[in-house]
1. Could you give every pair whose Cβ atoms fall below 7 Å, whose first residue belongs to segment 41-66 and is within 15 Å of residue 31 (Cα to Cα), and whose second residue is open to solvent by 70 Å² or more (accessible area, probe 1.4 Å), counting only separations of at least 6 or pairs across chains?
2. Checking the structure you have, find out if any residue of segment 88-95 is part of a helix (DSSP H, G or I) and surrounded by fewer than 11 Cβ atoms within 10 Å (Cβ to Cβ).
3. Take the residues in segment 4-54 that are assigned to a helix (DSSP H, G or I), within 20 Å of residue 65 (Cα to Cα) and among the charged types (D, E, K, R), then tell me which one is least open to solvent (accessible area, probe 1.4 Å).
Amino acid sequence: MKKKKAAHDTLTAQEAKLIEGLRRRPDMMERMQNILELAHSQDGPLKTADQVEELLIEEMRRLGQTTMSQWAAQVEERVSTELKSQDPTVLSRKKKH
């Protein structure tokens, strides 16, 4: 019995990679935590399956938006870097915030 518990205390390489990736992307980590909380919610008023489904769909949409935003920023940076390496005279434009 103790061996099974000890096996669960250590992370697999895949689990460690996932956690490290989520640490680098706190917005995605927050989305995943919210999804896990929906799956294991034992606090507050009891929700119907339809309510949980609605909350889950909204959280998945937020996760998708976060993922796409981060992906687009990464691709933009990569394209900019490649263009600059091909032609050093290329100027990059940055959005003003």
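The values are calculated or read from the model by the stated rules, or taken from the named source; none is laboratory data. In this text, all values refer to a predicted model and were calculated from it rather than measured experimentally. Using ideal geometry, Cβ is built from the backbone for each residue, glycine included, and neighbour counts are taken over all protein chains shown. Heavy atoms of the whole protein, side chains included, go into the accessibility calculation; ligands, DNA and RNA do not. Shrake-Rupley method; radii C 1.70, N 1.55, O 1.52, S 1.80 Å.
1. 66/27
2. no
3. Among them, the one singled out is 31.
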